[in-house]
1. Which of (1) surrounded by 14 or more Cβ atoms within 10 Å (Cβ to Cβ); (2) under 16 Å from residue A:30 (Cβ atoms) is the odd one out, the single condition residue A:69 does not satisfy?
2. Condition (residue is at the interface with chain A (Cβ under 8 Å from one of its Cβ atoms) and within 17 Å of residue A:44 (Cα to Cα)) applied to segment B:46-69: is it met by at least one residue?
3. Scan segment B:10-36 residue by residue and report those that are outside any strand (DSSP E or B) and closer than 20 Å to residue B:100 by Cα.
4. Give the residues of segment A:51-87 that are within 16 Å of residue B:100 (Cβ to Cβ) and at pLDDT below 95, sorted by residue number.
5. Mind listing whichever residues of segment A:81-110 are of a type in the set (D, E, K, R) and touching a residue at least 40 places away in the same chain (Cβ under 8 Å)?
6. Quick one: count up the residues across segment B:41-74 that are of a type in the set (A, V, I, L, M), closer than 20 Å to residue A:89 by Cα and part of a loop (DSSP other than H, G, I, E, B).
Amino acid sequence: GENVEQHPSTLSVQEGDSAVIKCTYSDSASNYFPWYKQELGKGPQLIIDIRSNVGEKKDQRIAVTLNKTAKHFSLHITETQPEDSAVYFCAATYSGGGADGLTFGKGTHLIIQP
Amino acid sequence: DTEVTQTPKHLVMGMTNKKSLKCEQHMGHRAMYWYKQKAKKPPELMFVYSYEKLSINESVPSRFSPECPNSSLLNLHLHALQPEDSALYLCASSRMGPQREAFFGQGTRLTVV
């Protein structure tokens with residue numbers, strides 16, 4: 001089955017600086033890689049995703065990059081703000097004709113220092 | 001609307017009780033999921049329903065019994081749980097096929113006493 005490694009487990013950055021979270025996956029069949037933000041007491045919220053036919057995707061201050069050869073994908077947050085503080089999870093799955101669940105990384109606790 | 005609604009938000013139950021968790025979505029999604037999340041851990045897949053039929057069971061103990069009465073509703077029936085089953089239970093839904101964005105509910109915080 002799929003195995004997703006995520007680093008770092010905790011990341012503290014100054015407000016306004018950039019944050020980078022990295023993930024690796026094991027199953028070369030995986031082709032869909034979402035990122036979720038989870039605030040305390042809430043369910044995970046999808047913030048951005050990328051498919052294996054794309055190398056990079058951007059949405060305002062958030063970007064995700066994918067290196068299929070190395071089986072790496074990363075989340076980049078620029079100009080961090082206090083409301084970015086949360087736990088971030090990367091995930092991977094094979095997205096074909098059916099429905100398969102997501103395999104999540106262990107999570108990164110992002111702390112934005114004022 | 002990307003809302004998945006779970007009820008109740010909190011549940012405390014004894015080890016001999018029977019209870020049910022409910023999940024509802026109105027996005028027309030035909031795939032629905034149950035995940036379990038322990039404190040400071042990632043969500044772990046329990047069950048997947050595709051077109052109202054159980055398609056994946058991740059070797060979950062039989063004291064957890066899922067049910068999908070129609071395309072908008074997903075239930076998780078609980079019976080004879082153990083204290084170690086205390087966790088946040090998350091429901092999610094998605095379209096079938098390549099457009100697989102999954103949307104999660106707020107979860108039910110379950111405590112087994």
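1. For residue A:69, the exception is condition (1).
2. There is no residue in segment B:46-69 that is at the interface with chain A (Cβ under 8 Å from one of its Cβ atoms) and within 17 Å of residue A:44 (Cα to Cα).
3. Listed by number, the residues that qualify are B:26, B:27, B:28, B:29, B:30.
4. A:51, A:52, A:53, A:54
5. The answer is A:84, A:106.
6. 0
The values are calculated or read from the model by the stated rules, or taken from the named source; none is laboratory data. Please read all numbers here as calculations on a predicted model, not as lab measurements. Methodologically, a virtual Cβ is constructed for each residue, glycine included, from the backbone with ideal geometry; neighbour enumeration extends over all protein chains shown.
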